[in-house]
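K.L.:
What follows is a structure written as structure tokens; I'll ask about it next.
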Amino acid sequence: MNPNIVIEDSLIIFSFPNSPEINVYERKSKQLVSKRIESGFTKNTVESMRSETYSEMHLRLNHLIENPYFYKTVFDPFRKLFYRTHRGEHPNPDLNLGNLNFSFTRDYLTVLDENLNLLEEIELPAHKYDALSFFVTKDGLYMPFSHYLNEEVREDKLVFMCISLN
């Protein structure tokens with residue numbers, strides 16, 4: 001599984017989509033800090049997929065929907081916070097019901113202090129914000145109002161929600 005890697009000033013922040021562990025390498029001091037930041041909303045362990053099933057796209061998609069997926073972590077140098085987003089697993093992954101799709105999954109924002117201590121975990125409004133494309137400025141954390149299932153998205157303008165935690 002490809003890692004999530006974010007380079008911010010002297011920090012290299014990396015994690016893997018199948019794990020709630022966040023790793024921060026400080027290049028100046030050459031120190032690595034790793035911490036498991038578990039979600040209070042979702043599973044924190046991703047079921048392994050047998051390698052012989054990798055070529056079966058429907059099985060890979062089902063596996064992706066049935067398990068959480070941890071996205072990137074970024075550092076906010078203005079507030080000395082880390083932010084991570086992740087997608088939760090399908091709440092009722094029963095293939096026989098015919099409802100195994102992403103429209104039943106939810107996205108979450110995790111806020112951590114500069115020592116990777118959990119401050120808050122927020123369930124984002126369903127299908128409103130793109131949890132992959134967020135970024136930080138001095139004004140706050142910007143989340144684009146562009147989830148692919150958001151029926152209010154327009155192609156002629158880009159809208160963001162700015163979250164400022166002080």
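The values are calculated or read from the model by the stated rules, or taken from the named source; none is laboratory data. What you are looking at is a predicted structure, and each value in this text was computed from that prediction instead of being measured. Positions of Cβ are backbone-derived with ideal geometry, glycine not excepted, and every protein chain shown enters the neighbour counts.
Okay, residues lined up against (1) farther than 17 Å from Phe102 by Cα; (2) touching a strand residue (DSSP E or B) at 6+ places or on another chain (Cβ under 8 Å):
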| site | (1), (2) |
| --- | --- |
| Asn2 | yes, no |
| Leu11 | yes, yes |
| Pro20 | yes, yes |
| Lys30 | yes, no |
| Arg36 | yes, yes |
| Lys43 | no, no |
| Met49 | yes, no |
| Leu59 | no, no |
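K.L.:
Against the definition (surrounded by fewer than 18 Cβ atoms within 10 Å (Cβ to Cβ), out of contact with any Asp or Glu (no Cβ under 7 Å at 6 or more places or on another chain) and either closer than 20 Å to Val24 by Cα or at pLDDT below 85 (or both)), how does Leu119 come out, yes or no?
P.N.:
Against the criterion (surrounded by fewer than 18 Cβ atoms within 10 Å (Cβ to Cβ), out of contact with any Asp or Glu (no Cβ under 7 Å at 6 or more places or on another chain) and either closer than 20 Å to Val24 by Cα or at pLDDT below 85 (or both)), Leu119 does not qualify.
K.L.:
Would you check if His147 is touching a helix residue (DSSP H, G or I) at 6+ places or on another chain (Cβ under 8 Å), within 29 Å of Ser48 (Cα to Cα) and at pLDDT below 95?
P.N.:
Judged against the criteria, His147 is not a match.
K.L.:
Mind checking which residues of the range 28-55 are among the charged types (D, E, K, R) and within 22 Å of Arg87 (Cβ to Cβ)?
P.N.:
The answer is Lys35, Arg36, Glu38, Lys43, Glu47.
K.L.:
For the range 102-111, check the following and say yes or no: at least one residue is part of a loop (DSSP other than H, G, I, E, B), over 20 Å from Pro77 (Cα atoms), in contact with a Gly (Cβ under 9 Å, 6 or more places away or on another chain) and not polar (S, T, N, Q).
P.N.:
Taking every residue of the range 102-111 in turn, at least one turns out to be part of a loop (DSSP other than H, G, I, E, B), over 20 Å from Pro77 (Cα atoms), in contact with a Gly (Cβ under 9 Å, 6 or more places away or on another chain) and not polar (S, T, N, Q).
K.L.:
Got at least one residue in the range 81-98 being among the small types (Gly, Ala, Ser), closer than 18 Å to Asp130 by Cβ and crowded, with 18+ Cβ neighbours inside 10 Å?
P.N.:
yes
K.L.:
Going through the range 131-144 one residue at a time, which ones are surrounded by fewer than 18 Cβ atoms within 10 Å (Cβ to Cβ) and either in a loop (DSSP other than H, G, I, E, B) or not β-branched (Val, Ile, Thr) (or both)?
P.N.:
Hits for the range 131-144 are Leu132, Ser133, Phe135, Lys138, Asp139, Gly140, Tyr142.
K.L.:
Basic (Lys, Arg) and either under 20 Å from Met143 (Cα atoms) or over 17 Å from the mean Cα position of the chain (by Cα) (or both): is that true of Arg87 in this structure?
P.N.:
yes
K.L.:
Return the pair list, or none, for Cβ contacts closer than 6 Å from residues in the range 32-54 that are without any contact (Cβ under 8 Å) to a residue 24 or more places away in the chain to residues that are exposed (fewer than 15 other Cβ atoms within 10 Å of the Cβ), at least 6 apart or on different chains.
P.N.:
Thr53/Leu59
K.L.:
Follow-up question, since we're still on this one. Restricting attention to the range 153-166, report how many residues are touching a residue at least 24 places away in the same chain (Cβ under 8 Å) and either small (Gly, Ala, Ser) or over 18 Å from Arg84 (Cβ atoms) (or both).
P.N.:
Qualifying residue count, the range 153-166: 2.
K.L.:
Show me the strands (runs of 3 or more DSSP E) entirely contained within the range 1-83 in which 1 or more residues are in contact with a Leu (Cβ under 7 Å, 6 or more places away or on another chain) and on the phi < 0 side of the Ramachandran plot.
P.N.:
Passing ranges, in order: 21-26, 31-36, 69-76.
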